[in-house]
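Derivation of every value follows stated rules applied to the coordinates shown; laboratory data play no part. Note that the structure is predicted; figures quoted are calculated from it, not measured. Please note: Cβ atoms are built from the backbone with ideal geometry, for glycine as well, and neighbour counts cover all protein chains shown.
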Amino acid sequence: MRGDGLSGAADGVGREPTAATVREDLREDLREDARARRRARAVTWTVLGVIALGALVEAEAWPVTAFRLFSTVRTADGASLRLVVTGTDGVRVTVPMPADAPLAATSHQLAELRDLPTGARREKVVAWLRLAGLDPAAFTSAAVERTAWTMDGETRERHEHGPTTVLAQVTL
């Protein structure tokens, strides 16, 4: 038995610890402490490495890296993107993207639409129109528009202002 002073007897009765057995028990305890410290350091450095790697590649692997929760300042100014389609009769319609519809889950891809090849752009727009319950055949073109807005501090309503910028145009 280590550290209890009874390392010599098999049943733990009758022998007094000697200086040699006490030193051996202390050495064993020190070795166990050193192993525990090495394990703790390995775990600590591994966790810190995973967090640093997540921050470097900007991966959101919550709860390991939730740095974006605290890295942005929100102001009353912002910008919104919307998909606007033009009907065969020339009427412009903003494609609805309610938060509870599947379309809302992909609306962040509106900004990336301009970087896609023409065929892929058209496919995405047609898919979005179908998800919104609109017939793609009833429209001649679609555009992703960016509009600046400011939020009223009292009513919490957004008020659009400034020019509308067309980020991407798609012929249907």
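A P(r) calculated from all alpha carbon pairs of segment 97-138, with 10 Å bins opening at zero, reads 29, 54, 17 percent. Sparse packing (at most 12 other Cβ atoms within 10 Å of the Cβ) combined with a DSSP loop state is found for the following GluC sites (Glu not before Pro) in segment 67-170: GLU154, GLU157. In segment 88-172, the alpha-carbon atoms span a convex hull of 116 Å³ per residue.
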